[in-house]
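Asks: One structure is given below, represented as structure tokens, and several questions about it will come after.
Rule-based calculations on the coordinates, nothing more; no lab input. Owing to the predicted nature of the structure, the values given are computational and were not obtained by experimental measurement. We place every Cβ from the backbone using ideal geometry, glycine too, and count neighbours over all the protein chains shown.
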Amino acid sequence: MRQYSEACERNKEPILEVIKPYLSHSKKVLEIGSGTGQHAVHFAAALPHLTWQTSDLRANHASIIAWIEQTQLPNLRKPFTLDAARRYWDIEPVDAIFTANTAHIMAWDTVKSMFTGIGKNLKPGGHFLLYGPFNVGGNYTSPSNQQFDQSLKKRDPESAIRDYEDILSHGRYNGLSLLERHQMPANNMLLVFQKTI
């Protein structure tokens with residue numbers, strides 16, 4: 001039941017190095033799209049001062065739960081079903097929200113709905129941490145990202161690497177201001193937003 005992603009294993013430490021300072025005063029973090037569960041266990045172990053709440057579509061719960069049960073971390077919570085396409089989430093407001101490699105596998109309307117949900121459920125001053133590949137100025141940032149985008153669209157025409165500028169625009173529309181844009185390995189970025197209203 002416990003699934004393994006080589007990409008998660010490679011990127012978990014570089015991601016942690018970037019997000020750790022932004023989560024130093026957080027008490028509860030929501031992860032949208034916890035996937036295999038690898039990020040959740042790694043980050044919860046490294047950040048024992050906070051509660052890490054996993055979430056995903058129900059089909060992905062088994063692997064997340066298997067990772068959680070193997071590690072038995074006291075600050076890591078089992079997943080609940082979160083559909084980012086729904087604009088209203090039945091959760092208490094959280095101090096921070098993290099998601100990795102989700103925006104490019106969602107339909108664009110779902111990405112916009114996710115930003116609406118984040119804007120409604122992130123506490124004022126809280127951080128939204130978004131990791132993945134992005135285009136800049138409508139252009140690919142590398143040949144490998146172009147190939148990846150083509151493979152995404154072949155698998156699902158609604159999937160695509162999103163434009164950085166469009167992401168910022170929907171952040172602003174939902175009360176999220178960009179604080180930092182971090183360049184990451186493998187032509188990815190980690191965008192750090194803060195809830196301003």
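Asks: I need the shape label for region 110-193. Rule: rounded when a/c is under 1.5, else prolate if a/b > b/c, else oblate, with a, b, c from the alpha carbon gyration tensor. Walk me through the numbers on the way to the answer.
Replies: Values: a/c = 2.42, a/b = 1.61, b/c = 1.51.
Judged from the Cα gyration tensor, region 110-193 comes out prolate (a/c at least 1.5, a/b above b/c).
Asks: Hey, rough spin-label estimate for TYR173 and GLN150, points 7 angstrom out along Cα→Cβ, what's it come to in nanometres?
Replies: 3.1
Asks: Just need the relative contact order of the chain here, percent rounded to a whole number, with Cα pairs under 8 Å and 6+ apart.
Replies: Result for the chain is 19 percent.
Asks: Of the cross-linked pairs LYS20/LYS123; LYS20/LYS153; LYS120/LYS153; LYS20/LYS78; LYS20/LYS120; LYS20/LYS154, which ones have a Cα-Cα span greater than 26 Å in the structure shown?
Replies: Working: LYS20/LYS123 18 Å; LYS20/LYS153 33 Å; LYS120/LYS153 30 Å; LYS20/LYS78 21 Å; LYS20/LYS120 23 Å; LYS20/LYS154 36 Å.
Pairs exceeding the cut-off: LYS20/LYS153; LYS120/LYS153; LYS20/LYS154.
Asks: Per-residue ellipticity at 222 nm for the chain, helices alone: DSSP H runs ≥ 4 residues times -39500 (n - 2.57), over residue total, nearest 500 deg cm²/dmol?
Replies: The helix contribution divided over the chain gives -11000 deg cm²/dmol.
Asks: Compute, for region 6-195, the length of the dipole vector about the Cα centre, with Cβ point charges of +1 (Lys, Arg) and -1 (Asp, Glu) only. Units Debye, rounded to 20.
Replies: The dipole magnitude comes to about 340 debye.
Asks: Expressed in nm to one decimal, what extension gain is obtained for the pair LYS20 and LEU57 from 0.36 nm per residue of sequence separation less their Cα-Cα distance?
Replies: Here the segment from LYS20 to LEU57 would lengthen by 10.7 nm.
Asks: If only Cα atoms are counted, what is the Rg of the chain, and what is its Dmax, in Å?
Replies: Answer for the chain, Rg first and Dmax second: 15.7, 44 Å.
Asks: Please name whichever of GLY119, PHE98, VAL18 sits farthest to the positive end of the charge dipole of the chain, dipole taken about the Cα centre and charges placed at Cβ: Lys and Arg +1, Asp and Glu -1.
Replies: Checked the options; the winner is GLY119.
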